[in-house]
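**Q** So that we are looking at the same thing, I have put the structure below in structure tokens.
The values are calculated or read from the model by the stated rules, or taken from the named source; none is laboratory data. Because the structure is a prediction, the values reported are computed rather than measured. As a convention, Cβ positions derive from the backbone with ideal geometry for all residues, glycine included, and neighbour counts pool all protein chains shown. Heads up: the accessible areas ignore ligands, DNA and RNA and are worked out on the full protein's heavy atoms, side chains in. Shrake-Rupley method; radii C 1.70, N 1.55, O 1.52, S 1.80 Å.
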Amino acid sequence: MTRLSAQTLSSVPSGVRVPDYDRTQITPGIVHLGIGAFHRAHMAVYVDDLLKDHPDWAIVGASLRRPDTKEALEPQDGLFTVAVRDAEGTHPRVIGSILKVLDANAEREDLLALMASPQIRIVSITVTEKGYCHDPATGELDQRHPDIVHDLSNPTAPKSAPGILVEALARRKAAGIAPFAVMSCDNLPSNGETVKRIVSKFAQLRDPALGEWVGQVAFPGTMVDRIVPSTTDADRAMIGELIGAEDAWPIMTEPFTQWVIEDHFPDGRPPFERAGAQMVGDVEPFERMKLRMLNGSHSTMAYLGYLAGYEYISDVMGDEDFVRLIHGLMTEEVMPTLDMPGVDLGAYRDQLLERFRNPALKHRTWQIAMDGSQKLPQRLLGTIRDRIAAGEPFERLGLGVAAWMRYVVGIDEKGENIDVRDPLAMRMMAIAADAGDDAETLYEGLVGLAEVFGSDVAGNQVFGETVATHLDSLFDIGVKETVRDVVEGEP
Ligand code: CS2
């Protein structure tokens, strides 16, 4: 089978949408750091919709960790397939908005030079929660992070996202070029403000004057939403058949997509709204709604579901007790913490449950379970803080936290090892080894991880009782029975 590329694009079957613009005439206006599956299923598609009329906003991607995306896309001239899947079928489309991909390690100078050039007006980012090198509980730069330590002593040869942004901004400052807008598209609370705080701090540590200048840069906040499971070899084979060419890295996703963007781009932006994005003054309520409703449910389903033996989110949704748990979690415990005039939260919840049910989306519980220490604060603990402050119960959210604690022990209910991926995995394993199967000791050890729980939640008695009781039950009677007990205790 021939490889998808500029040359073979014309042989893609006529039913498959391909770029409607001349790719030789587009030029980069955006550099994207972290060119993973999520970006390619989301922002790259919005930009693809706009390039016909706005050809100076194409994307150059950069991978910070692994060169695998570059290796896949380079022989394809940056082209790749996005396949939308649901019960009705699979709908592939070829995306052309990514001009090329740079490997930030091997091609650092090319990347920094491009980021420092005036044609780049937006640097967007999806490096996942841990890529910001911050303390998730406080949202501050983690100055002891090995990559930050490295970048502060080698500021012109950075490897972290904050280090790369600040070096590129420093070069623009020195050359008298206006800064680009920095747009995080990661699932962080107040992602614009949070990333601004982290990046400005890094700049200030490099040089106070630079810190002040970076403090004036625009960091528009965004709420991004599209479920994107990892691509499998079976997906590759299926896409090859559908488009009649080999695509080394197609992206599988759902029909739903949402992008809410704070409209703060002093140096210009493409008309994202023409591709369906919502431009707003304050994105924070949307972010909170999505993180607490979607991601809070996702993480709860991931830990409980994995432990119960469910491989995919759609399998979890096949268990009525779990569905009742998640419905109750959103309705009784999350929705009362949200203030969203004009948004029908009940309809939003029902749409989420429908999306989780999508049988064509093979979204592994293990994939979502990854990096829990970086995810829990904004997905579950923020909501719990609000519930504690209001004197309201949080049994289901507390069960989600307990399930994470049970999961990071690294051994499932059948005695099999769990491949726990998390920046804090080593510390958590040591805590679990000391605790054995004593739920109270395990709870005390894990809640002491200050970068996850902060000191307020860790010291709260109601929190301790709620979570430790569920954790004890998970060890004692197992996940399915515990979930049943919790849903049957529903008012
Ligand atoms: C998921 C998210 O992997 C995860 O942690 O919860 O990636 C989720 O699929 C997206 O935020 C959906 O927009």
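**Q** Picking from LEU205, LEU165, which residue would you name as being under 24 Å from the mean Cα position of the chain (by Cα) and away from the ligand (no atom under 16 Å from the Cβ)?
**A** LEU165
**Q** Considering region 99-118 alone, what residues qualify as being open to solvent by 60 Å² or more (accessible area, probe 1.4 Å) and not in a helix (DSSP H, G or I)?
**A** LYS100, ASN105, ALA106, PRO118
**Q** Still on this structure, I have one more. In the set THR81, THR90, THR69, which member is in contact (Cβ under 8 Å) with a residue 24 or more places away in the chain, touching a strand residue (DSSP E or B) at 6+ places or on another chain (Cβ under 7 Å) and assigned to a helix (DSSP H, G or I)?
**A** THR69
**Q** Can you report the number of residues in region 88-105 which are in contact with a Lys or Arg (Cβ under 9 Å, 6 or more places away or on another chain), of a type outside the set (Asp, Glu) and over 25 Å from TYR21 (Cβ atoms)?
**A** 2
**Q** With GLU444, GLU490, GLU413 as the choices, which residue is modelled with pLDDT of 95 or more and of a type in the set (Asp, Glu)?
**A** Unique residue meeting the criteria: GLU444.
**Q** Kindly provide the set of residues from region 1-31 that are assigned to a loop (DSSP other than H, G, I, E, B), open to solvent by 70 Å² or more (accessible area, probe 1.4 Å) and not hydroxyl-bearing (Ser, Thr, Tyr), ordered by number.
**A** The answer is MET1, GLN7, GLY15, ASP20, ASP22.
For (1) open to solvent by less than 10 Å² (accessible area, probe 1.4 Å); (2) more than 14 Å from the ligand (Cβ to nearest atom); (3) more than 24 Å from LEU188 (Cα to Cα), each residue gets a yes or a no:
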| position | (1), (2), (3) |
| --- | --- |
| GLU273 | no, yes, no |
| GLY276 | no, yes, no |
| GLU284 | no, yes, no |
| MET289 | yes, no, no |
| LEU294 | yes, no, no |
| MET301 | yes, no, no |
| GLY305 | yes, no, no |
| GLU311 | no, yes, yes |
| SER314 | no, no, yes |
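**Q** Find the helices (runs of 4 or more DSSP H) located wholly in region 265-382 whose residues include 2 or more that are under 21 Å from the mean Cα position of the chain (by Cα), and list them.
**A** Here the list reads 284-290, 296-307, 313-316, 345-357, 365-369, 372-376.
**Q** Now a separate question. Of the residues that make up region 42-56, is at least one open to solvent by less than 10 Å² (accessible area, probe 1.4 Å), of a type outside the set (Phe, Trp, Tyr) and assigned to a loop (DSSP other than H, G, I, E, B)?
**A** The answer is yes; a qualifying residue exists.
**Q** Also, I was wondering about something else. Could you tell me which numbered condition VAL224 fails, if it satisfies all but one of (1) among the hydrophobic types (A, V, I, L, M, F, W, C); (2) without any contact (Cβ under 8 Å) to a residue 40 or more places away in the chain; (3) within 16 Å of the ligand (Cβ to nearest atom)?
**A** So the condition that VAL224 fails would be (2).
**Q** Oh, and also: Looking at (1) open to solvent by 20 Å² or more (accessible area, probe 1.4 Å); (2) touching a Gly at 6+ places or on another chain (Cβ under 7 Å); (3) within 16 Å of the ligand (Cβ to nearest atom), which is the one condition that is false for GLU413?
**A** Result: GLU413 fails condition (3) only.
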